[in-house]
Amino acid sequence: MTTPTGSLSPNQCLIYLGIFRIILGIGVGGDYPMSASVTSDRSNLRKRGTMLAYIFSNQGWGSLMGSVVTIIVLACYKHVMDVEGKTSKVDGVWRIVIGVSLIPAFGTLYQRLTLPESNRFIASQKLKNATSAAEEGYALAAIKKAQVVGQETTWSKTPLRAQPQVQARVERAT
């Protein structure tokens, strides 16, 4: 893919650019639904709509910042293109832009990998794996506490009613 001197020809640059844009697009496309579901799961019912609006508006701000970074990097190469006439040096622009775009991508990846499970999910797993009535009561109390604290989900008004085997445990425990 490279010439013997280690420099890329214009056709091969497009291959590298295409591959890295596809990889970046898969990552960003995978994070869009993830950010909405994490925000919905961890915000209380009253603030959920506002938080989702913030999430989706910040995606637009991210696109704007990507364009601003590209303009700034191109402005840094203006002297090389205009005065020196070395348009081949502009090859570094896309590398710098993709490198800068990896900074928030890796920050998001780190946050996703270190994000603890919500209190509501942990309590529902305890209820699902409970073997005695005491454990069921403790798990139900933890679910109700998670609802009060603000760890509500879209189905928080009917805790875990979507699962029939858990429905029977909820009715027995109350």
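Some values worked out for this structure:
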quantity: Heavy atoms of residue 78: accessible area, 1.4 Å probe, square angstrom to 10; calculated: 120 Å²
quantity: Rounded to whole Hz, the Karplus (6.51, -1.76, 1.60) HN-Hα couplings of segment 110-119, x for glycine and proline; calculated: 4, 5, 5, 6, 9, 5, x, 5, 6, 4
quantity: Per-residue ³J(HN,Hα) for segment 85-97, Karplus 6.51 cos²θ - 1.76 cosθ + 1.60, θ = phi - 60°, Hz, x for Gly and Pro; calculated: x, 9, 6, 5, 6, 5, 4, x, 4, 5, 5, 5, 5
quantity: Residue 45 long-range amide H proximity, modeled H, under 5 Å; calculated: 152
quantity: Accessible surface of residue 106 - all protein chains present, 1.4 Å probe, nearest 10 Å²; calculated: 130 Å²
quantity: Solvent-accessible surface ranking, highest first, for 38, 100, 83 at 1.4 angstrom; calculated: 83, 100, 38
quantity: Residue 117 accessible area, assembled protein chains, probe 1.4 Å, Å²; calculated: 110 Å²
quantity: Per-residue HN-Hα couplings for segment 63-77 [Karplus 6.51, -1.76, 1.60; θ = phi - 60°; Hz; x = Gly/Pro]; calculated: 5, 4, 5, x, 5, 5, 4, 4, 5, 5, 5, 5, 5, 5, 8
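The values are calculated or read from the model by the stated rules, or taken from the named source; none is laboratory data. Only a predicted model underlies this, so the values are computations on that prediction, with no experimental measurement involved. With ligands, DNA and RNA removed, areas are computed over all heavy atoms of the protein, side chains included. Shrake-Rupley method; radii C 1.70, N 1.55, O 1.52, S 1.80 Å.
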